[in-house]
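Working notes, structure below.
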Amino acid sequence: MTVNAGPAPRTLTDDELVDLLDAQRFGVLATVKRSGHPHLSTVLYQWDAKERVIRVSTTADRLKACQIRADPRVSLHVSGPDVWSFAVVEGDAELVEATDGPDLEPDRRLTITFRATRLYGTALDVGPQAGG
């Protein structure tokens with residue numbers, strides 16, 4: 001049996017999770033396919049730390065929008081500044097139609113919006129930056 005003498009991953013605090021989500025802009029959104037398997041899409045996201053809400057712009061005909069209509073459960077995985085840390089935001093998504101004004105034609109734009117019902121992540125403190 002191999003013994004790992006390296007440091008163990010540590011759970012990120014809520015403040016560290018919020019900071020990580022604030023610092024990054026890209027993540028991987030997971031939606032649920034009809035088969036029950038995850039469908040993964042790299043997305044540009046906006047994090048509202050005060051409201052604890054994620055927003056992702058998309059269009060009505062994208063697969064992720066169709067899958068959210070069928071099953072609103074989503075997760076967003078965000079990598080930290082190194083390969084050793086990450087945050088995950090879970091929640092139930094809503095599709096919000098874009099509105100440009102009452103007299104304008106509707107378009108296909110949507111915003112995927114979900115409140116963080118679960119937020120977690122870890123870091124592995126290795127290398128010269130470990131320990132502060």
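The values are calculated or read from the model by the stated rules, or taken from the named source; none is laboratory data. Please read all numbers here as calculations on a predicted model, not as lab measurements. In this analysis, Cβ positions are derived from the backbone assuming ideal geometry, glycine residues included, and neighbour counts consider all displayed protein chains. Accessible surface areas use protein heavy atoms only, side chains included; no ligands, DNA or RNA. Shrake-Rupley method; radii C 1.70, N 1.55, O 1.52, S 1.80 Å.
So how many residues does the range 19-42 have that are under 18 Å from PHE86 (Cβ atoms) and without any contact (Cβ under 8 Å) to a residue 40 or more places away in the chain?
7
Within the range 36-57, work out how many residues are out of contact with any His (no Cβ under 9 Å at 6 or more places or on another chain) and more than 11 Å from THR111 (Cβ to Cβ).
Keep residues of the range 36-57 that are out of contact with any His (no Cβ under 9 Å at 6 or more places or on another chain), which gives 36-39, 41-57.
Then drop every residue that is not more than 11 Å from THR111 (Cβ to Cβ), which leaves 36-39, 41-44, 47-52.
Result for the range 36-57: 14.
Restricting to the range 43-61, name every residue that is touching a strand residue (DSSP E or B) at 6+ places or on another chain (Cβ under 8 Å), without any contact (Cβ under 8 Å) to a residue 60 or more places away in the chain and outside any strand (DSSP E or B).
The one that is touching a strand residue (DSSP E or B) at 6+ places or on another chain (Cβ under 8 Å), without any contact (Cβ under 8 Å) to a residue 60 or more places away in the chain and outside any strand (DSSP E or B): ALA60.
Using the structure shown, decide if PRO7 is over 19 Å from ARG109 (Cβ atoms), modelled with pLDDT under 95 and not basic (Lys, Arg).
yes
Look at SER35 and say whether it is modelled with pLDDT of 95 or more and open to solvent by 40 Å² or more (accessible area, probe 1.4 Å).
Yes; evaluated as a whole, the condition is true for this residue.
Across the range 33-46, which residue is farthest from VAL89 (Cα to Cα) among those that are more than 14 Å from the chain's Cα centre (by Cα) and not small (Gly, Ala, Ser)?
Checking each candidate, the answer is ARG34.
For the range 82-100, name all the residues that are at pLDDT below 90 and either touching a helix residue (DSSP H, G or I) at 6+ places or on another chain (Cβ under 9 Å) or small (Gly, Ala, Ser) (or both).
Correct list: ALA98 only.
State whether one or more residues within the range 8-19 are assigned to a loop (DSSP other than H, G, I, E, B), on the phi > 0 side of the Ramachandran plot and loosely packed, with under 11 Cβ neighbours inside 10 Å.
Looking through the range 8-19, none of the residues is assigned to a loop (DSSP other than H, G, I, E, B), on the phi > 0 side of the Ramachandran plot and loosely packed, with under 11 Cβ neighbours inside 10 Å.
Can you pull out the residues in the range 47-66 that are over 16 Å from GLU90 (Cα atoms) and not hydrophobic (A, V, I, L, M, F, W, C)? Quick ask: steps written out before the conclusion?
Residues of the range 47-66 over 16 Å from GLU90 (Cα atoms): 50, 57-63, 65-66.
Hits for the range 47-66 are LYS50, SER57, THR58, THR59, ASP61, ARG62.
Search the range 101-115 for residues that are assigned to a loop (DSSP other than H, G, I, E, B) and modelled with pLDDT of 65 or more and pair each with any residue that is open to solvent by less than 40 Å² (accessible area, probe 1.4 Å) and not hydroxyl-bearing (Ser, Thr, Tyr) when their beta-carbon atoms are under 7 Å apart and the residues are at least 6 apart or on different chains.
From residues that are assigned to a loop (DSSP other than H, G, I, E, B) and modelled with pLDDT of 65 or more, the pairs are ARG108/ALA60.
Mind listing whichever residues of the range 47-81 are of a type in the set (D, E, K, R) and either more than 14 Å from the chain's Cα centre (by Cα) or surrounded by 18 or more Cβ atoms within 10 Å (Cβ to Cβ) (or both)?
LYS50, GLU51, ASP61, ARG62, LYS64, ARG69, ASP71
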